[in-house]
Amino acid sequence: MRILRAGDHKRMPWKNGKGETVEIAVFPPDASINDFEWRISMATVAEDGPFSIFPGIDRTLAILDGNGMVLDVAGSSPALLTTASDPLAFPADVPVAARLEDGVITDLNVMTRRDGLAHTLIRIDVDGGRTVRLSPSTCLFLCHRGALSFRRDGETGALAAGDALLIEGATATVLEIDGEAKCYLASITKG
């Protein structure tokens, strides 16, 4: 279990050069944008336009902040994503165009290499104490807003806004959390 502090997240340009990504975690740890097995990042989208193409990659996107974005994924009907929407999964190797609803947004992206991995992304609102089930996999728990304390297998800690907890090789277990926060849980499994 490792805490990844918001101030330590890596900033880098988008693959298409039209924006900036804040990389929260990547595997292998020294992987580039072209050879990662999995990657979790946040991006600010300030203008309409195409998404970068990532061959062989599956992607899930959630809106963290802003008034929403319409995604036009090739082969699907356009989908409006807002902060209240469930995360949207789609292949990252097909054409995708984004149109902002009303101003800049920030999104959360989870990407995995299709030929060996699969992933899920869920939103978790924390209001007091609760237990979150972890799947037997690699899990990243992101505290987007607010703050919380956590406990797992006798280890304790705290997350502030933007911090994440990376649990690699988790066995089926639970994470006990307490606080007021808007969070996301990404689970990455061999698939």
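Here the contact order of the range 1-63, divided by its residue count and restricted to Cα pairs under 8 Å and six or more residues apart, works out to 26 percent.
How much net charge surrounds LEU185 when only other residues with a Cβ under 10 Å from its Cβ are counted (Lys, Arg +1; Asp, Glu -1)? Within the 10 Å Cβ shell, the charges total +2.
Ranking ASP93, ASP35 from most to least accessible surface, computed with a 1.4 Å probe over the protein chains only, gives ASP35, ASP93. Once backbone amide H atoms are built at 1.01 Å from N, ILE124 has CYS183, TYR184, LEU185 as its partners under 5 Å, excluding neighbours fewer than 5 places away on the same chain. The calculated FRET efficiency for the pair ASN67 and LYS10, based on their C-beta separation and a Förster distance of 30 Å, comes to about 0.65. Ignoring solvent entirely, what values of log10 I(q)/I(0) come out of the Debye formula for the chain at 0.11, 0.12 Å⁻¹ when each Cα is a single scatterer? These q points yield log10 I(q)/I(0) values of -0.47, -0.56.
5 Å is the cut-off here: which amide hydrogens, built 1.01 Å from N in the peptide plane, fall below it relative to SER137, excluding neighbours closer than 5 in sequence? So SER137 has HN proximity to ALA170. Across the range 132-145, coupling constants 3J(HN,Hα) worked out from phi with the 6.51/-1.76/1.60 Karplus curve, θ = phi - 60°, read 10, 6, 9, 7, x, 5, 8, 10, 10, 10, 9, 8, 6, 10 Hz, and Gly and Pro carry x.
Got the relative contact order for the chain handy, in percent, Cα pairs under 8 Å and 6 or more residues apart? The value is 22 percent.
Would you mind pulling out the separation of the Cα centroids of the range 142-181 and the range 28-43, in Å? That distance is 22 Å.
Dipole magnitude for the range 1-144: about 420 debye, using +1 per Lys or Arg Cβ and -1 per Asp or Glu Cβ, origin at the Cα centre. Placing unit charges on the Cβ atoms only, positive for Lys and Arg and negative for Asp and Glu, gives the range 86-191 a dipole magnitude near 260 debye about its Cα centre.
Each peptide in 178-184, 151-157, 43-49 receives the mean, over its residues, of other Cβ atoms within 10 Å, and ordering these scores from highest gives 178-184, 43-49, 151-157.
Along the range 80-87 the Karplus relation, 6.51 cos²θ - 1.76 cosθ + 1.60 evaluated at θ = phi - 60°, assigns HN-Hα couplings of 8, 10, 10, 5, 8, 6, 5, x Hz to successive residues, with x for each Gly and Pro.
The values are calculated or read from the model by the stated rules, or taken from the named source; none is laboratory data. None of these values were measured; they are calculated from a predicted model. Every residue, glycine as well, gets a Cβ built from its backbone with ideal geometry; the counts of neighbours run over all protein chains shown. Ligands, DNA and RNA are stripped out before the accessible areas are found, and what is left, the full protein with its side chains, is counted by its heavy atoms. Shrake-Rupley method; radii C 1.70, N 1.55, O 1.52, S 1.80 Å.
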